[in-house]
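J.: Just passing along the structure, written as structure tokens.
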Amino acid sequence: MRRKSPYPYWFFLPAGAIFLVLFILPTVASFYFSLTYWDPFEARFAGWDNYVQFFSEPFLVRGLTNTLVFAFLTSGLKTVLGLLLAVLLTSGIFAQGFLRSVVFFPVLVSTIGVGLLFQELMHPTEGAINLALAAVGIDGPGWLTNPSLALISVALVDVWRGVGLATLIYIAGLATIGQEYYEAARIDGATRLQQFWRVTVPLVRPATTTVIILSLIGGLRLFDLIWAMTRGGPGFSSDVLASVIYKQYQAGFWGLSTAGNVILFLMIAFIVAPLAWWLNRRELEA
Amino acid sequence: MTRRGYIIGAISLLVAFVVFVIPFLFVAINAMKTAQDASSLDFSLPERWVFWENLVTTVQTRDYALLLAYWNSIVITVCAIALLVVFGAMVGFVIQRRPSRTSRVVYAFILAGLMIPPAVVPTIWVLQGINLFKTLNGMILIQVAYGLGFTVLLYRAFISTIPRELDEAAIIDGAKPWQIFFRVVLPLLKPVTLTIIVVQSITIFNDFTHPLYYLPGRENITVQLTLYNFQSQFVSQMNLLFMNILLITIPPLLVFIFFNRQIVAGMTSGAVKG
Amino acid sequence: MSRLTTTTAIALTLSAGGALAQELTFLTDSSADSVAVTEALTAAYTEMNPDVTFSIETRPGGGEGDNIVKTRLATGEMTDLFIYNSGSLLQALRPDRTLLPIDDIESFDLLNEAYVSTVQGPEGNTYGVPYETAQGGGIYYHKPTYEELGLEIPRTWDEFMANNATIAEETDIAPIAQSYRDTWTSQLFVLADFYNVLQEEPDFPEEYTNNEAKYADTPAARRGFEKLQEAYEAGYFNEDFGAATYDDGVAMVATGEAAHYPMLTFAVGLFQQNHPDLMEDVGFFAQPGDDAEANGLTVWMPTSLYAPASTEHPETVKDFMSFVASPAGCEVVNETIGATGPYLVEGCELPEEVPGMVADMLPYFEEEGRTAPALEFLSPIKGPALEQLTVEVGSGIRDAQSGAELYDQDVAKQARQLGLENW
């Protein structure tokens, strides 16, 4: 008879039960409910109707493409700006510690608060941003009311709010790079710019992978900031999947809402998983 | 520090001030103005400083909804974190100490939870089925389920740095598994536990989306929802809206000031290994 | 078994006779007016029936509130009484399955016939009584501006646009206020045009319900979208129309920053609250159509009071509903919030003095054929995305034709969800 392990599996039970009932079960059930006309009173089988709806209704398709634009834009900006800020904030400049805190602080503030604040700052006629622009003679745009700009504006605020986390991860990554690499580069006569491209960028790659993956997942799932700033508007111009899911839920189209959830799930799985695999492989090769 | 360092530092400081500090100053200044004064939404100093009046009015809005919200948010945060710490550490412990197929499968599921968006409406359906919809208890368990990935990840990584010899000594002394865990291992996890507490408390306290779905109802209001719900009421009273933002930012601000190091440790270690 | 039945019967008799103290639960929406009316009506009823007391809960409005009501009905946790929309939104509650029929209450015969049809289920039972007054959807205007420029109340859309042109030429004020931060306010040009639709296409509601007529290919129905597009293209909106709120819209027409604001008459409450001194500066007229001879007002049926089939106090609940739908009930409402429109209960009268904007609305009701219900009270289907579509048309993102086509798709979604035939 086998000796009883001192690390029994029943330790999984409490957490496992909660996770199974409140996370796994709804996820599995969502595949079924996405195939029904579902509201609080009944769930009638609908076949693929909800999915067909999702890919044929222009404003639902819009939510899909906006999600991708938003996620890649914010992820790209956070990666680039995060790295630059991290290099700056580890270069031994004046007030470095204070600056790190200042850049990081928005990460901790209520997203809804940030959204409402920028909604005011970005008001087309009375907002502080456009008033400041007007003071130097520039006619500021309707940041959140111009349909081709609204999504970008929200994305910029999201970068403002999230770049601190990317910076922090990069700072941790930079700390692992030994000074000897830079010294060797200097002896070879590399300029600062060359050192950045040849030493910093390749050696900080694990942090880059993390920043890209984290901000991409966050961007694909983002709901609260969009909801606080535009509710997907004007019209549908800044709708993303998560806001579409919420709107369909509110309208009583639970099946359609759940289909959106499944699509989001698949999208994250099919974008993030291969990307993570690819980035990690390159990391090993490098 | 070189002269160049000072110049770049000064410029960065100026840019950081404009980009990151001014928006918060804007909130603070306007929170101290009268409604009339704040309606123009500019950077002028208040004509009359009415910090205290605004604070009292904001707290009193809708029958002290903000206080109720504070209470609810604190209950949810504290209870969820207590469960997360104990249950999460138990899982991380066994996964790390007993490398087996079962452990790997469990770990894979839990990590998937970090990535997969929760299926919200079916979750409501489940919560209704077990009578936890619209209850603080339900919300607590939801936060546990959603926070588990991060918690287990951190615990597993940390437990790998604790020598097995310690458990083995306890086993030889005849300790039962739960005794090993609670008496020997858990006390050693203090540093990472502090990190988890700090990071998760900010996440849960600032959560808006999940209470919006799973915790409707006036008596269930949480701090993030006060802002959302007061929006219509405060439409011509920006001063109060900003006061509200200020009031709900205080807890994360305090945590930030006192636990800066743990936040950095948690955010980066969890993230870099994720 | 038989003894048990007897006991139950006795208990029922006792409770119906009011010998037992009862507490009824009540779910109202959280708007200040609804809460005030609920408190006043329940207090008045308790005064007459000291055994019956009430416990009032509130819920948010909009889609969030809809979900709460639906969920509570579906799970049998609904309060003994609740208020909710009449018309198409009621149908989504599956009234025949979930609500208590009230055809036998005492004041049933006092109810306006057109109203009753909007609170009935497919099986023909009636479920609600009017909770407040009927509303009109039309256009508020700034009287001093009209006087200054010598303008007249327009009876056709062309006259309305001519007035706007004069205002744009001779003043700096915005001819029309729009407030798209509160997206729902953008729907008025389309919804309030329905009187005009009905004049040209009397069968539209029925054909629309049967999936035979569409907004996009019925010229009269599409007009509402076109009017919105015309107003936008003429540049008549306030500069910050995309960021302004409902409160801003009301403020603009009250202070004369804008000359017109299309809105429902429940805005009277907000005028009273925010601009009590300017009440008489604001007037109201129906959204004009293309024919001066057929000028009338699109009417919204009142919010209604319902009870779930699951209530444990059906008799008391019905008695309370009968009280609400009686002249005594209307009197309480009058005293509490004044009147924002006509009552749909026989014998109910408005206070002697009403604000000018309410007085402007009353003539439409007094003449035969000058009012028509909004489409949502004639057909069970209404698409939830209309407000986003009208924002798009009103912001020039999309033209009227495409807005109407997309709205037809949105409606189809709702019809399929309800499981209607022919869709």
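J.: What full-extension length gain, to one decimal in nm, is calculated for residue C:162 and residue C:290 as 0.36 nm per residue of separation minus the Cα-Cα distance? Can you show the working numbers first?
T.: On the way: separation 128, 0.36 × 128 = 46.08 nm, distance 1.32 nm.
In short, 44.8 nm is gained.
J.: Distance from a point 7 Å along Cα→Cβ of residue C:423 to each backbone N in the stretch C:190-222: keep the residues under 20 Å and list them by number.
T.: C:191, C:203-218, C:221-222
J.: Determine the distance separating the Cα centre of the stretch B:90-130 from the Cα centre of the stretch A:149-189; give it in Å without decimals.
T.: Comparing the Cα centres of the stretch B:90-130 and the stretch A:149-189, I get a distance of 32 Å.
J.: Another one. Using label points projected 7 Å from each Cα along Cα→Cβ, tell me how many nm separate residue C:359 and residue B:98, to one decimal.
T.: Each label point is offset 7 Å from its Cα along the Cβ direction, giving 8.4 nm.
J.: With r defined as the distance between the Cβ atoms of residue B:45 and residue A:98 and R0 fixed at 35 Å, what FRET efficiency is calculated, to the nearest 0.05? Walk me through the intermediate numbers first.
T.: On the way: r = 24 Å, r/R0 = 0.69.
The computed FRET efficiency comes out at 0.90.
J.: To make sure I understand the rule: partners must be lysines, Cα under 26 Å from the Cα of residue A:4, and not fewer than 8 residues away in the same chain. Which ones qualify?
T.: B:176
J.: Moving to a separate point now. Take residue C:169 and residue C:49, extend 7 Å from each Cα along the Cα→Cβ direction, and tell me the distance between the two endpoints in nm.
T.: 6.3
J.: Averaged over every viewing direction, what's the projected area of the C-alpha convex hull for the protein assembly as shown? Give it in nm², one decimal, please. Let's see the in-between values first.
T.: Values: hull surface 193.7 nm².
Approximately 48.4 nm², given one-decimal rounding.
J.: Moving on to the next point. Running a GNM on chain C with Cα contacts under 10 Å, which residue among C:231, C:400, C:74 ends up with the highest mean-square fluctuation?
T.: Maximum fluctuation in the GNM of chain C, among the listed residues, is at C:74.
J.: Let me ask something else about it. Using a Förster distance of 41 Å, how high is the FRET efficiency between residue C:401 and residue C:32, based on the Cβ-Cβ distance and rounded to 0.05? Before the final figure, lay out the partial values.
T.: Details: r = 40 Å, r/R0 = 0.98.
Computed FRET efficiency for residue C:401 and residue C:32 comes out at 0.55.
J.: State which entries of C:318/C:413; A:78/C:413; C:143/C:227; A:247/C:143; C:227/C:413; A:78/B:190 exceed 29 angstrom in Cα-Cα distance in the structure shown.
T.: On the way: C:318/C:413 35 Å; A:78/C:413 39 Å; C:143/C:227 23 Å; A:247/C:143 39 Å; C:227/C:413 25 Å; A:78/B:190 32 Å.
Listed pairs above 29 Å: C:318/C:413; A:78/C:413; A:247/C:143; A:78/B:190.
J.: Next question. For chain A, list the DSSP H helices whose alpha carbon atoms reach 20 Å or more along the long axis and whose average Kyte-Doolittle value is 0.5 or above?
T.: On the way: long enough: A:58-89 (45 Å, 1.63); A:150-175 (38 Å, 1.75); A:205-221 (24 Å, 0.98); A:254-285 (46 Å, 0.93).
For chain A, where a helix must reach 20 Å along its axis and average at least 0.5, the hits are A:58-89, A:150-175, A:205-221, A:254-285.
J.: Run through the stretch C:93-196 and list the chymotrypsin sites (Phe, Trp or Tyr not before Pro) located in a DSSP loop whose Cβ has at most 10 other Cβ atoms within 10 Å. Show your work: numbers first, answer last.
T.: Working: sites: C:108, C:115, C:127, C:131, C:140, C:141, C:146, C:157, C:160, C:180, C:184, C:189, C:194, C:195; in loops: C:127, C:131, C:180.
When the chymotrypsin sites (Phe, Trp or Tyr not before Pro) of the stretch C:93-196 are filtered for loop state and at most 10 Cβ neighbours within 10 Å, nothing remains.
J.: Separation of the stretch C:153-174 and the stretch C:181-248 by C-alpha centroid, Å?
T.: If we compute the Cα centre of each part, the gap is 19 Å.
J.: What's the FRET efficiency of residue B:10 with residue A:91 using the Cβ-Cβ distance as r and R₀ = 22 Å, to the nearest 0.05? Write down the numbers at each step before the final one.
T.: Numbers: r = 14 Å, r/R0 = 0.62.
Given R0 = 22 Å and the Cβ-Cβ separation, E is 0.95.
J.: Over the stretch A:211-286, calculate the relative contact order: mean separation of alpha carbon pairs under 8 Å at least 6 apart, over the residue count, as a percent.
T.: Details: 49 pairs, mean separation 20.7, N = 76.
Relative contact order, the stretch A:211-286: 27 percent.
J.: Could you work out Rg/(2.2 N^0.38 Å) for the stretch B:61-273, with Rg from alpha carbons only? Walk me through the numbers on the way to the answer.
T.: Values: Rg = 19.6 Å, N = 213, 2.2 N^0.38 = 16.9 Å.
Its radius of gyration relative to the 2.2 N^0.38 Å reference: 1.16.
J.: Here is a further query. Can you give me the Cα centroid spacing of the stretch B:225-264 and the stretch A:32-98 in angstrom?
T.: Value for the Cα centre distance between the two parts: 25 Å.
J.: Sticking with this one: Under the definition of Cα pairs under 8 Å and six or more residues apart, what whole-number percent is the relative contact order of the stretch A:42-285? Working shown, then result.
T.: On the way: 277 pairs, mean separation 71.8, N = 244.
With pairs under 8 Å counted, the relative contact order is 29 percent.
J.: Under 17 Å from the Cα of residue B:134, which aspartates and glutamates turn up, not counting those fewer than eight places away in the same chain?
T.: B:207, B:219, C:57, C:64, C:66, C:77
J.: Can you run phi through the Karplus equation (6.51, -1.76, 1.60; θ = phi - 60°) for the stretch C:131-144 and list ³J(HN,Hα) in whole Hz, with x for Gly and Pro?
T.: Calculated HN-Hα couplings, in order: 9, 9, 8, 6, 10, x, x, x, 10, 7, 9, 8, 4, x Hz.
J.: Skipping prolines and chain starts, which residues have an amide H placed within reach, meaning under 5 Å, of the one on residue A:252, given they are 5 or more residues away or on another chain?
T.: Close amide H contacts, sequence-distant or interchain: none at all.
J.: What number do you get for the stretch B:84-178 when its Cα radius of gyration is normalised by 2.2 N^0.38 Å, N = residues?
T.: Numbers: Rg = 16.4 Å, N = 95, 2.2 N^0.38 = 12.4 Å.
So the stretch B:84-178 has a normalised radius of gyration of 1.32.
J.: Let me ask another. Using only C-alpha positions, report the orientation-averaged shadow area of the convex hull of chain C, nm², one decimal.
T.: On the way: hull surface 84.0 nm².
The number I arrive at for chain C is 21.0 nm².
J.: A follow-up question, please. Run the numbers on chain C and let me know its relative contact order in percent, using alpha-carbon pairs under 8 Å that are six or more apart.
T.: Details: 787 pairs, mean separation 110.0, N = 423.
Relative contact order, chain C: 26 percent.
J.: Still on this structure, please answer the following. Amide H to amide H under 5 Å from residue C:29: which residues, 5+ apart in sequence or cross-chain, H placed 1.01 Å off N in plane?
T.: Amide H to amide H, under 5 Å and 5 or more residues apart or across chains, residue C:29 pairs with C:59, C:83.
J.: Can you compute the modelled spin-label distance between residue C:272 and residue B:34, with each label point 7 Å from Cα toward Cβ, in nm?
T.: Between residue C:272 and residue B:34, the simple spin-label model gives 2.7 nm.
J.: Quick one: Karplus J couplings for the stretch B:220-230, per residue in order, coefficients 6.51, -1.76, 1.60, θ = phi - 60°, nearest Hz, x for Gly and Pro?
T.: My calculation for the stretch B:220-230 gives 9, 4, 10, 4, 5, 6, 4, 4, 5, 6, 7 Hz in order.
J.: Still on this structure: First check a/c for chain A, with a ≥ b ≥ c the square roots of the eigenvalues of its C-alpha gyration tensor; if it is under 1.5, answer rounded, and if not, answer prolate when a/b is larger than b/c or oblate otherwise.
T.: Numbers: a/c = 2.18, a/b = 1.20, b/c = 1.82.
Here chain A falls in the oblate category.
J.: Pop out the ³J(HN,Hα) list for the stretch B:242-259 in order, Karplus 6.51 cos²θ - 1.76 cosθ + 1.60 with θ = phi - 60°, rounded to Hz; leave Gly and Pro as x.
T.: With the stated coefficients, the stretch B:242-259 comes to 5, 4, 4, 4, 4, 5, 8, 8, 4, x, x, 4, 4, 4, 4, 5, 7, 10 Hz.
J.: Name the shape class, rounded, prolate or oblate, that the alpha-carbon gyration tensor gives for the stretch A:131-270, where a ≥ b ≥ c are the square roots of its eigenvalues, rounded holds for a/c under 1.5, and otherwise prolate holds if a/b is larger than b/c and oblate otherwise.
T.: Here the stretch A:131-270 falls in the oblate category.
J.: Between residue A:197 and residue A:126, what length comes free when the chain is fully extended (0.36 nm per residue of separation minus the Cα-Cα distance, one decimal in nm)? Walk me through the numbers on the way to the answer.
T.: Details: separation 71, 0.36 × 71 = 25.56 nm, distance 4.33 nm.
This chain segment gains 21.2 nm when fully extended.
Since every read-out is calculated from the coordinates, none of them should be taken as a lab result. As the structure is a prediction and not an experimental result, all values here were calculated from the model. Neighbour counts run over all protein chains shown; Cβ positions are idealised from the backbone, glycine included.
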